[in-house]
Amino acid sequence: YWGKPPRYRSLNSILDEIERNVYEFGINTFRFTDSCFSAPPERTANLCDTMYDRLVRNGIIIKWSSYAHIKNLTYSLLEKMKRSGCFALDIGVESGAPKILRKMGRKYSPEDIINVSRAARDLDILTDFNIVVGFPGETDETLNQTIDMLQEAMPDAFSCFLLFIAPHMIISERPEIYGIKGSGLSWSHATMTSEDAYRALRMISKSVTNSCSFPGAESFACNLTALGYSTEQIRNFFKATQKLTYCASDRIARTSVENVCEKLRALW
């Protein structure tokens with residue numbers, strides 16, 4: 001995309017910074033904002049092993065979250081991530097439709113997405129799925145496949161985003177192949193317009209009942225973890241938020257959400 005290879009910090013440099021934050025500032029909750037922390041998986045495994053050996057085994061308990069890619073998340077890697085302190089992952093799954101995933105060049109299937117979600121839940125890692133709505137070829141059928149995937153995968157939270165057509169993307173560099181007209185958030189192609197996609201985005205958010213539509217859920221979970229909330233408590237918060245979208249009068253759910261909001265307000 002940028003024409004340049006990524007540059008990586010040394011593992012010791014990363015660990016030195018974490019230790020400094022722990023010892024000098026009392027910080028033990030971290031958020032890695034690499035565009036894809038889990039790639040390459042060999043480096044991620046080494047980093048997690050190093051964090052475990054140098055920190056966790058010596059009594060330095062940290063908690064962290066990050067972005068990740070479905071294809072890299074094997075069960076063994078998730079285990080290493082968990083034991084080194086991972087509590088939440090923001091995963092760009094993009095779609096639950098095989099046709100759209102192929103068009104995007106994603107080398108994974110809806111079944112892979114579901115399996116990763118189940119593995120993460122088994123290891124008590126919160127999951128936040130990101131969905132892109134409106135890629136060329138998107139139809140009512142592919143939208144329903146995405147809904148079905150989310151219903152079966154049951155991530156703790158998910159977010160839907162309108163396709164953004166930026167310079168240097170494959171679809172913007174070759175608009176005649178994809179039938180693209182327009183750019184940014186205002187576009188059309190053979191199967192959908194950006195206005196259609198916006199309505200579809202809202203439809204998905206309302207149709208999924210097994211997961212909470214909550215943009216920025218992983219980042220929000222990081223804030224709650226820093227306040228002392230456990231993954232179970234955070235998961236229950238998302239469930240309560242989801243319940244309020246269908247039953248705003250639910251007293252238990254409302255109280256649960258209000259208690260969290262009050263704690264956050266106290267910090268501002």
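From the set of residues in the range 70-80 that are under 15 Å from the mean Cα position of the chain (by Cα) and modelled with pLDDT of 95 or more, which is farthest from Arg43 (Cα to Cα)? Per the criteria, the residue is Ile70. Based on what the data block shows, is Gly92 more than 25 Å from Arg20 (Cβ to Cβ), touching a Pro at 6+ places or on another chain (Cβ under 6 Å) and among the small types (Gly, Ala, Ser)? Considered against the rule, which asks whether it is more than 25 Å from Arg20 (Cβ to Cβ), touching a Pro at 6+ places or on another chain (Cβ under 6 Å) and among the small types (Gly, Ala, Ser), Gly92 comes out as no. Here Ser13 meets the list (1) surrounded by fewer than 14 Cβ atoms within 10 Å (Cβ to Cβ); (2) under 22 Å from the mean Cα position of the chain (by Cα); (3) not aliphatic (A, V, I, L, M) almost entirely, failing just condition (2).
This table checks each residue for (1) hydrophobic (A, V, I, L, M, F, W, C); (2) out of contact with any helix residue (DSSP H, G or I) (no Cβ under 6 Å at 6 or more places or on another chain); (3) on the phi < 0 side of the Ramachandran plot; (4) surrounded by fewer than 17 Cβ atoms within 10 Å (Cβ to Cβ).
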site	(1), (2), (3), (4)
Asp156	no, no, yes, no
Ile170	yes, yes, yes, yes
Arg199	no, yes, yes, yes
Phe220	yes, yes, yes, no
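Quick one: would you say Ile100 is farther than 23 Å from Tyr52 by Cα, of a type outside the set (D, E, K, R), touching a residue at least 40 places away in the same chain (Cβ under 8 Å) and crowded, with 20+ Cβ neighbours inside 10 Å? For Ile100, the condition - farther than 23 Å from Tyr52 by Cα, of a type outside the set (D, E, K, R), touching a residue at least 40 places away in the same chain (Cβ under 8 Å) and crowded, with 20+ Cβ neighbours inside 10 Å - is met.
Evaluated against (1) among the aliphatic types (A, V, I, L, M); (2) part of a loop (DSSP other than H, G, I, E, B); (3) more than 22 Å from Glu232 (Cα to Cα), Val93 falls short on exactly one condition, (2). Among the conditions (1) touching a Leu at 6+ places or on another chain (Cβ under 7 Å); (2) of a type in the set (A, V, I, L, M, F, W, C); (3) under 17 Å from Ala88 (Cβ atoms), the only one that Leu201 does not satisfy is (3). Of all residues in the range 105-135, those satisfying the criterion of being without any contact (Cβ under 8 Å) to a residue 60 or more places away in the chain, closer than 26 Å to Tyr229 by Cβ and of a type in the set (D, E, K, R) are Arg118, Arg121, Asp122. Candidates in the range 45-85 are the residues that are hydroxyl-bearing (Ser, Thr, Tyr) and surrounded by fewer than 20 Cβ atoms within 10 Å (Cβ to Cβ); of these, the one that is nearest to Arg118 (Cα to Cα) is Tyr75.
Applying the condition of being over 24 Å from the mean Cα position of the chain (by Cα) and closer than 28 Å to Ile61 by Cβ to the range 222-262 and asking which residue is surrounded by the most Cβ atoms within 10 Å (Cβ to Cβ) yields Asn259. Give just the number: which of (1) charged (D, E, K, R); (2) touching a Cys at 6+ places or on another chain (Cβ under 6 Å); (3) in contact (Cβ under 8 Å) with a residue 40 or more places away in the chain does Lys80 not satisfy? Failing condition for Lys80: (3). Of the helices (runs of 4 or more DSSP H) that lie entirely inside the range 166-250, those containing 3 or more residues that are touching a strand residue (DSSP E or B) at 6+ places or on another chain (Cβ under 6 Å) span 194-207, 217-226, 231-246.
Suppose we filter Ala88, Ala120 for residues that are surrounded by 20 or more Cβ atoms within 10 Å (Cβ to Cβ), under 13 Å from the mean Cα position of the chain (by Cα) and assigned to a helix (DSSP H, G or I); which single one remains? Steps first, answer last, please.
Values: Ala88 fails: assigned to a helix (DSSP H, G or I).
Ala120 is the lone residue from the list that is surrounded by 20 or more Cβ atoms within 10 Å (Cβ to Cβ), under 13 Å from the mean Cα position of the chain (by Cα) and assigned to a helix (DSSP H, G or I).
Which of (1) in contact with a helix residue (DSSP H, G or I) (Cβ under 8 Å, 6 or more places away or on another chain); (2) in a strand (DSSP E or B) does Asn130 not meet, given it meets every other one? Among (1) in contact with a helix residue (DSSP H, G or I) (Cβ under 8 Å, 6 or more places away or on another chain); (2) in a strand (DSSP E or B), Asn130 violates only (1). Set side by side, the residues Tyr67, Tyr52, Tyr8 differ, and just one is touching a residue at least 12 places away in the same chain (Cβ under 8 Å), of a type in the set (Phe, Trp, Tyr) and part of a strand (DSSP E or B), which is Tyr67.
Under the condition of being of a type in the set (Ser, Thr, Tyr) and in contact with a Cys (Cβ under 7 Å, 6 or more places away or on another chain), the residues counted in the range 1-47 number 1.
The values are calculated or read from the model by the stated rules, or taken from the named source; none is laboratory data. Everything numeric in this text was worked out from a predicted model, so none of it was measured. Positions of Cβ are backbone-derived with ideal geometry, glycine not excepted, and every protein chain shown enters the neighbour counts.
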